[in-house]
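K.L.:
Sharing a structure below in structure tokens format, with a few things to ask.
The values are calculated or read from the model by the stated rules, or taken from the named source; none is laboratory data. Remember, it's a predicted structure, so these values are computed and weren't measured experimentally. We place every Cβ from the backbone using ideal geometry, glycine too, and count neighbours over all the protein chains shown.
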Amino acid sequence: AQTVTQSQPEMSVQEAETVTLSCTYDTSESNYYLFWYKQPPSRQMILVIRQEAYKQQNATENRFSVNFQKAAKSFSLKISDSQLGDTAMYFCAFMKHPWMPAGNNRKLIWGLGTSLAVNP
Amino acid sequence: DAGVIQSPRHEVTEMGQEVTLRCKPISGHDYLFWYRQTMMRGLELLIYFNNNVPIDDSGMPEDRFSAKMPNASFSTLKIQPSEPRDSAVYFCASSLRQGQETQYFGPGTRLLVL
């Protein structure tokens, strides 16, 4: 069974600095998707970034980028130029490729989250 | 385009009462998901639908929970009878069938069972 581990329950960073959140996962699949979601105090779950395992290039979205290391099964999130609005819980999630055998699989496997505080 | 809509946003009820949570997915999305979030257990998938048909309900905790999707634009999650341990935030999410596996979440319903 797939598992997702976020080893940092809490982190803090000063405004304008860079922070990296860790995520590791365990799977025997070769094709899958990885996601980072953000949950601010409003509790709305917001997609930050996603990565397809067959793409070697790391995904980026403005100040957010990932370091995807497939062999190491690692998917860390880097936030550059941190802003106060980045304060939130960050969740890493895994999904088997939905078109693989048992191809209706849309189940996301979630980590327990990292609480990030951006300090002024 | 409107996002996923959930109602009510907050619900306070007494143990033993029936609770119905509602969800309207994003128009055109084929998949609908119900999640529960608690401090102790994190985010749990309860059930998901494809084209209104339940695909995986293995996360539904017990027979007190039921979910329906009578049409492409509406789903309900019902708890009957409710218990204090059902207190949680319940999220609905939806996604497209092809090309976009990303799940888009509603604002959640915070349920408190006294």
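Residues checked against (1) modelled with pLDDT under 95; (2) farther than 27 Å from A:GLU52 by Cβ; (3) small (Gly, Ala, Ser):
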residue: B:ILE55; (1), (2), (3): yes, no, no
residue: B:MET69; (1), (2), (3): no, yes, no
residue: B:PHE74; (1), (2), (3): no, yes, no
residue: B:PRO81; (1), (2), (3): no, yes, no
residue: B:VAL89; (1), (2), (3): no, yes, no
residue: B:CYS92; (1), (2), (3): no, no, no
residue: B:GLN98; (1), (2), (3): yes, no, no
residue: B:VAL113; (1), (2), (3): no, yes, no
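K.L.:
Can you name every residue in region B:40-63 that is at positive phi and under 14 Å from the mean Cα position of the chain (by Cα)?
P.N.:
B:ASN52
K.L.:
For residues that are among the hydrophobic types (A, V, I, L, M, F, W, C) and surrounded by fewer than 19 Cβ atoms within 10 Å (Cβ to Cβ), scanning just region A:27-47, find the one that is nearest to the chain's Cα centre (by Cα).
P.N.:
A:LEU47
K.L.:
I've got another one for you. Considering only region A:1-111, give the strands (runs of 3 or more DSSP E) lying wholly within it that have at least 3 residues that are in contact (Cβ under 8 Å) with a residue 60 or more places away in the chain and touching a Gly at 6+ places or on another chain (Cβ under 7 Å). Steps first, please.
P.N.:
Working: elements: A:3-5, A:10-14, A:19-21, A:24-26, A:32-39, A:46-52, A:64-69, A:74-79, A:88-96.
Qualifying strands (runs of 3 or more DSSP E): A:88-96.
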